[in-house]
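The values are calculated or read from the model by the stated rules, or taken from the named source; none is laboratory data. Keep in mind that this is a model prediction, so the values were computed, not measured. Heads up, the Cβs are rebuilt from the backbone with ideal geometry, glycines too, and the neighbour counts pull from every protein chain shown. Protein only, heavy atoms only, side chains kept; ligands, DNA and RNA dropped before computing areas. Shrake-Rupley method; radii C 1.70, N 1.55, O 1.52, S 1.80 Å.
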Amino acid sequence: MDPKERMELIRQGNQAFNEGDIRKARECFLKTEYKDGLIRLGDHFMFEKKLPILAYGYYKKAGYQRRIDEIFQRMLWALSQWIGPDKFKTPEPERKAPDPEDFVVHPILRQTALDILKKNGMSI
């Protein structure tokens with residue numbers, strides 16, 4: 001699609017949206033992949049129509065990560081309320097002591113540490 005045609009479709013989409021013709025606006029914004037228009041559609045369905053799942057699709061298409069995360073968090077909260085907050089806890093990761101074999105110590109640093117231990121009367 002050439003830029004002139006795209007601009008005309010975006011203009012038509014904006015006009016349709018402002019006039020309340022959501023279907024035509026949707027068609028224009030999707031065809032041109034106009035992110036601001038898709039976000040406006042998402043906002044329309046999120047805040048005016050109270051349809052967050054439908055809004056999610058428009059936000060996803062526009063790449064509007066902040067709203068996507070917000071809807072995701074709301075869905076998690078709703079799910080936790082539905083199954084019971086006491087059953088919706090994330091498991092704590094197991095914590096273990098670091099394994100000395102996982103570390104590589106420079107030979108000079110190792111020798112310095114051994115010298116300090118020897119000087120203080122300790123040995124390995």
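Some values worked out for this structure:
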read-out	value
Heavy-atom accessible area per residue - the chain, 1.4 Å, Å²	83
Label-point separation, W82 to K4 (7 Å along Cα→Cβ), nm	5.2
Computed E for D21/I53 - FRET, C-beta separation, R0 22 angstrom, nearest 0.05	0.50
K31-K118 pseudo-label distance in nm [points 7 Å out on the Cα-to-Cβ vector]	8.3
Stretch gain in nm, segment I68-E94, where the contour uses 0.36 nm per residue and the Cα spacing is subtracted	6.3 nm
Cleavage-rule hits (trypsin sites (Lys or Arg not before Pro)) in the stretch 1-85: DSSP loop, at most 13 neighbouring Cβ within 10 angstrom	K49, K50
Global size of the stretch 1-60 as Cα Rg and Dmax, reported in angstrom	11.2, 36
Rounded tilt (10° steps) of 107-119 against the dominant C-alpha axis of the chain	50
Folded to 0 to 90 degrees: helix 22-32 orientation relative to the chain principal axis, Cα	60
Kirkwood Rh and Cα Rg combined as Rg/Rh, the chain	1.47
GluC sites (Glu not before Pro) restricted to the stretch 31-71 and DSSP loop, no more than 14 other C-beta within 10 Å	E33
